[in-house]
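These notes are about the structure you will find just below.
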Amino acid sequence: MKEANTKSVKMTFKALYSYVLNTNYRSYAGVIGLIISFGALAILIMNWSGFGIGQRVMLIIIALVFTVINPLSLAFKTFQQLKLSPSHKVPLDYTFSSEGITVTQGEVTQLITWDMICRIMMTKHMVAVYTSRIHAFVIPLTELGEDKGRILTAMVSFTANYEPRLSKNLKVYTSGKGL
C-alpha cells in the first residue's frame, strides 16, 4: 500500500454478530457446550423409547441450550449493543498505512502499529484485528468496499514480520493473490 487508505466504517449487525459467535464458540466453554448439546441429542435419539416424557423434555432442553437458545440470546444482546452503545452510533475512521492502522472516532485517535497486532481473524462478514488476546477492532467487510482485497493484502504483508495468528481464509492474501 503506497498511500494511506481511509475508510469510514459503521458497525453492522452481521459483522458484530459474526464476531460474537466466533468469540463464544471457538473458546473451550463454547466447544464443551456444543459437545454437551450434541451428546444430549445423541442420548435422546438412541434411548427415545427408554425415557419418560420428563427425561425427554430435559434432554431436548439441554440439546437446544447451546445450539439454538444461546445463539438467539447472543443475537438479541448483539442487537441491543448495536442500538444502545454510544460507540456504535458514530462511525470509526480507519486509515491503513505503512505505519499501521489509525483509528479515529470523533476527537479520539489511536495508532495501532503493525507490531501490536497479534491476530487477524476473518469471517464471511468481518475482519477482527486483535491487539491482545481479548481486545479486537471489528471491521465489517462490506464497509471496505472495492478496496477490501488491497487492504487485507496490506494487513497480512505488513504484519508478516511479526507473525500474528491468521485465519486460514486470509492465507490467500499472503502472496497478494487476494487483490
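The values are calculated or read from the model by the stated rules, or taken from the named source; none is laboratory data. Since the structure is predicted, the reported quantities are computational estimates derived from the model, not experimental observations. Cβ atoms come from the backbone with ideal geometry, glycine included; neighbour counts cover every protein chain shown. Quick note on the areas: whole protein, heavy atoms, side chains included, nothing else; ligands and nucleic acids left out. Shrake-Rupley method; radii C 1.70, N 1.55, O 1.52, S 1.80 Å.
Quick one: count up the residues across the stretch 22-37 that are among the aromatic types (Phe, Trp, Tyr) and surrounded by fewer than 14 Cβ atoms within 10 Å (Cβ to Cβ).
1
When only residues in the stretch 106-135 that are among the basic types (Lys, Arg) and under 14 Å from PRO164 (Cα atoms) count, which is most open to solvent (accessible area, probe 1.4 Å)?
So, considering only residues that are among the basic types (Lys, Arg) and under 14 Å from PRO164 (Cα atoms), the one most open to solvent (accessible area, probe 1.4 Å) is ARG133.
Quick one: how many residues across the stretch 123-152 are among the hydroxyl-bearing types (Ser, Thr, Tyr) and in contact (Cβ under 8 Å) with a residue 40 or more places away in the chain?
2
Step by step: first the residues of the stretch 59-100, then only those that are touching a residue at least 40 places away in the same chain (Cβ under 8 Å) and among the aliphatic types (A, V, I, L, M), then the one that is surrounded by the most Cβ atoms within 10 Å (Cβ to Cβ). Which residue is that?
Only one residue tops the list, namely LEU92.
State all residues of the stretch 1-21 that are under 21 Å from PHE79 (Cβ atoms) and surrounded by fewer than 17 Cβ atoms within 10 Å (Cβ to Cβ); if no residue qualifies, say none.
Scanning the stretch 1-21 gives LYS10, PHE13, LYS14.
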